[in-house]
Amino acid sequence: MDLESQRMLFELLGGLGIFLYGIATMRTGLQNCAGNKLKDILDRFTTNPLIGFLAGILVTVMIQSSTATTVITVGLVSVGFMTLRQAIGVILGANIGTTVTAIIIGFNIEEYSLLIIAIGSFLVFLFNKKTIQNVGQIIFGLGALFYGLDLFRLGMEPIGKLEVFKELVVQLSSMPLLGVLSGTISTMLIHSSSAAVGILQGLYADSLLSIEAALPILYGDNIGTTLTAVIVSLGASTAAKRAAGIHVLINVIGTILFLILLKPFAAFILWNTSVMHLSPEMAIAFAHAIYNILSSLLFLPFINVLILSIKKLIPGEDSVIEYRVKRLDSHLIKQSTVIALGQAKEEVIYMGKFAIKGLEDSHLFFKTKKDRYANSSKQIAEFLNSLERKITKYLVDIGLCSLSDIELEEQNKLIHTVRDIERIGHLFENIIEHSNYQLAIRVNLTDHALECLEKMFELTVGTVQESITALDQNNKELAKKVIEKEFLINKIEEELRTQHVNRLQSGEYSPQAGIVFMDMISNLEQIGNHAVNIANRIVTEQTFYSEIR
């Protein structure tokens, strides 16, 4: 290989690598800045498809990834946080939000790319504050994006002069389906439609592609971005599969419609490029935006048709449990604090029943190592975390009213009970992690150790079930039985620790297996303690619930 060919290859591959890394870095910075707001936005602002549509645009603009937005949406549908109808609005909005990256690239500021990289690097390395570092990541990623694209275009220049490449471009212009296929495959390979569109902008800017060849590739990029959501949905619920399927359906139908209108749409883009004096990069960004806006607005009135179609294509019963707050009506607080507290308690019991299910699933994962139990348990833990925030806020809002001493005591007890249940979620999530650790290091526990853990699981699950039942029925006798189990739980935990030390000394199992065993015991013991905390509050409860009955 001569030096010129080597330089071309290095610029092509290196530029592509820097460009992809720039997009990934910018996206990471944006996601870090957004924090946990993404799921909250999608959870709260998707009451109907139109609101979901706007939420999808907002979230995708915030994180610059329609794939990430769609994956989050599929996950929320999978666990019942969002209905299929709401999800369609979000997916349509995500298709519009993803056009922002192409518009940024369209400004064509390659000459400042190294300066932008320098500024971003200084912010990352010279400041300890996380917020500034996140902003630095965004700026660095933006600079790397432009610098990488510039290098890639330099590497493409000699290739563009080759007869083989020119013949390929002619084929792409005369065979739009080939362009769609190449766009789909390229996006699947690099897992980013934004990156694929950016590369397309570079090729079009260097006159290596005509607009008739570029547009089908652009359509294919939109189809390729659906792959990740499809993969995520494979092991999920029927509703999640349908959400991912609708994402594919929307982009495939949109591509077919715009392929039929290819020539008039290409003429429309060229006319606007001339009238608005758009750069070639901005012309592709404009085409990308118009295509996604028109196709999304076209589908928005036909959401019911999409739902019926996807149910025919992906049949089956939907077994999703709806994970949503159901009883926290803020209007009740002003009308009757007593009834509002009663509703809050019902929501706490609802939360407690999910905690039992999550604990049981973590037990099943430990025994069977089947991923569906781990996924279910983790989703429930996430739901408990969300519920804890919402119920606590509701109870705090009740506390802003004028409460009697008994009401104030009840509010305080419920706040602490919510915290106990949420901590149970964290602890059974830990059990999942310890089970995964056991799989990763490939250690086996002895039959005796497994038998001991099984007894501890049964005792702990039973204790949590009884504490939630006692809370539901306001049953002080049952609560006293739960409290009596505290001594038993602590006694068994102490005995198992002693046996554990003896087994280690005798070499019955490895230290790694011992770590798994003791961590499991410790988490189960703490779960039991939280159940006892709940029971203690029931026993000391005064006359609140007899009053509201």
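The values are calculated or read from the model by the stated rules, or taken from the named source; none is laboratory data. Keep in mind that this is a model prediction, so the values were computed, not measured. With ideal geometry, Cβ positions are generated from the backbone for all residues, glycine too; neighbour counts draw on all protein chains shown. These accessible areas exclude ligands, DNA and RNA; they are computed on the full protein's heavy atoms, side chains included. Shrake-Rupley method; radii C 1.70, N 1.55, O 1.52, S 1.80 Å.
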* **Across 390/481; 353/481; 357/455; 345/378; 130/390, pairs whose alpha-carbon gap is larger than 29 Å** => 390/481
* Asked: Quick one: if you take sqrt(5λ) for each eigenvalue of the C-alpha gyration tensor of the stretch 250-292, what semi-axes come out, biggest first, whole angstrom?
  -> 21, 11, 6
* For helix 476-506, report the angle its Cα long axis makes with the longest principal axis of the Cα atoms of the chain; keep it between 0 and 90° and round to the nearest 10°. => 70
* To do: Once every Cα of the stretch 201-308 carries one equal point scatterer and solvent is ignored, give the base-10 log of I(q)/I(0) from the Debye formula at q = 0.10, 0.12, 0.18, 0.20 Å⁻¹, two decimals.
  => -0.35, -0.48, -0.90, -1.03
* **Charged-residue dipole, Cβ positions (Lys, Arg, Asp, Glu), the chain about Cα centre, Debye nearest 20** => 800
* Not counting the cut sites, what is the longest span of the chain without GluC sites (Glu not before Pro) that DSSP labels loop and that have at most 13 other Cβ atoms within 10 Å? -> 1-316
* Asked: Residue farthest toward the positive end of the dipole of the chain, with Cβ of Lys/Arg at +1 and Asp/Glu at -1: which of 154, 215, 520?
  -> 215
* About the Cα centre of the stretch 326-400, how large is the charge dipole given +1 on each Lys and Arg Cβ and -1 on each Asp and Glu Cβ? Please answer in debye to the nearest 20. => 220
* What fraction of the Cα pairs in the stretch 383-511, stated in percent, has a spacing above 20 angstrom? -> 62
* Structure fact -> Here D for the stretch 369-452, in µm²/s, from Stokes-Einstein with a Kirkwood Rh over Cα pairs at 25 °C and 0.890 mPa s, works out to 159
* **Entries in 393/485; 369/393; 413/485 that, when Cα-Cα distance is taken, lie over 25 Å** => 393/485; 369/393
* Semi-axes of the equivalent ellipsoid of the chain: what are they in whole Å, largest first, if each equals the square root of 5 times a C-alpha gyration tensor eigenvalue? -> 53, 29, 22
* **Sulfur and carbon atoms: percent of accessible area, the stretch 441-500 [1.4 Å]** => 47
* Determine the shape class of the stretch 418-458: with a ≥ b ≥ c the square roots of the Cα gyration tensor eigenvalues, call it rounded for a/c under 1.5, and otherwise prolate if a/b is greater than b/c, oblate otherwise. => oblate
